[in-house]
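The values are calculated or read from the model by the stated rules, or taken from the named source; none is laboratory data. It should be emphasised that the depicted structure is a prediction, and the values quoted were computed from it without experimental measurement. Heads up, the Cβs are rebuilt from the backbone with ideal geometry, glycines too, and the neighbour counts pull from every protein chain shown.
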Amino acid sequence: MKGIILAGGLGSRLRPLTLVTNKHLLPVYDRPMIYYPIQCMVNAGITDVLIVTGGTYAGDFLNLLKNGKHLGLQHLEYAYQEGEGGIADALKLAEDFADGEKICVILGDNIVEGNIRRAAGDFFTQKAGAKILLKEVPDPQRFGVVALDGDGPTARITGIIEKPENPPSNYAVTGIYFYDNRVFDICKTLQPSKRGELEITDVNNEYLSRGELTHDILEGWWTDAGTFESLHRASTFVAQGGANHADLAAARAAAKH
């Protein structure tokens with residue numbers, strides 16, 4: 001399985017910091033933000049990764065990450081997204097890189113405590129379709145939120161709503177997704193939302209309509225880091241030792257098993 005980290009965007013909610021650098025290069029405690037999704041991939045055994053970025057400071061990723069070997073990656077590529085077309089638009093740039101394989105997609109500002117290795121393994125054996133990871137949050141209005149037909153681990157998703165004013169549940173779709181190769185055909189059929197973007201929620205709802213969307217509840221804490229509040233929260237979690245803060249040698253060792 002190949003990995004794709006989406007690290008574009010203008011980071012407008014983090015201005016003025018993002019006037020001088022890409023959001024995903026900002027520090028989360030003692031490391032650049034982009035290190036965390038990379039480590040998440042490596043810990044799951046995914047070491048062939050594409051980073052999709054854009055904007056004025058895209059070249060800074062190369063200065064920082066180089067070929068990714070020191071972070072436990074076997075192969076690292078970069079793609080450049082022009083403009084602000086949304087997550088699904090950025091994902092389209094990964095079609096050649098995926099080369100027919102299943103993919104794991106992580107948004108570059110997502111930081112998790114737990115390990116997604118089990119979810120990655122489950123999806124690897126899933127015949128087709130997609131898998132999303134959910135997390136119960138206190139502020140679901142900020143995210144894509146699932147409607148469920150019941151409670152507990154056996155509840156089925158009946159719909160996904162992007163940033164709802166009246167959320168149907170407190171379960172947010174985290175920025176961690178697994179897709180088969182048909183995701184690129186789906187992305188090509190999407191129409192821009194009211195925000196003028198191609199929404200990843202529309203991709204997930206398409207798989208749901210086909211009966212091919214599975215889900216897991218993400219273990220441990222999870223946060224994005226796209227606002228000052230969430231960036232501070234992420235740094236606090238990591239500083240307190242709550243994050244999966246293993247050194248890079250341990251991450252590389254995990255990737256070999």
Problem set entry | Near pairs, Cβ below 9 angstrom, 6+ apart or cross-chain, from the stretch 90-102 (under 21 Å from G45 (Cα atoms)) to any residue that is basic (K, R) and at pLDDT 90 or above | A94/K2; F97/K2; A98/K2; D99/K2; E101/K2; K102/K2
Exercise. Could we say that A94 is in a helix (DSSP H, G or I) and buried (at least 22 other Cβ atoms within 10 Å of the Cβ) here?
Worked result: yes
Problem set entry | Every pair of residues 6+ apart whose Cβ atoms lie under 7 Å, when the first sits in the stretch 187-198 and is among the charged types (D, E, K, R) while the second is in a loop (DSSP other than H, G, I, E, B) and modelled with pLDDT of 80 or more | E197/G86
Exercise. Is it the case that L133 is in contact (Cβ under 8 Å) with a residue 40 or more places away in the chain, more than 22 Å from G9 (Cα to Cα) and buried (at least 20 other Cβ atoms within 10 Å of the Cβ)?
Worked result: yes
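Name the residues in the stretch 97-112 that are assigned to a loop (DSSP other than H, G, I, E, B) and either surrounded by fewer than 17 Cβ atoms within 10 Å (Cβ to Cβ) or more than 14 Å from the chain's Cα centre (by Cα) (or both), would you?
D99, G100, E101, K102
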Seminar exercise, completed: Restricting attention to the stretch 24-37, the residues that are assigned to a helix (DSSP H, G or I) and more than 12 Å from N110 (Cα to Cα) number exactly 1
For this session: Output yes when any residue across the stretch 183-203 is farther than 20 Å from Q81 by Cα and within 17 Å of the chain's Cα centre (by Cα), and no when none is.
Result: no
For this session: Have a look at L76, L25, L50, L64 and point out the one that is at pLDDT 85 or above, surrounded by 20 or more Cβ atoms within 10 Å (Cβ to Cβ) and more than 16 Å from the chain's Cα centre (by Cα).
Result: L76
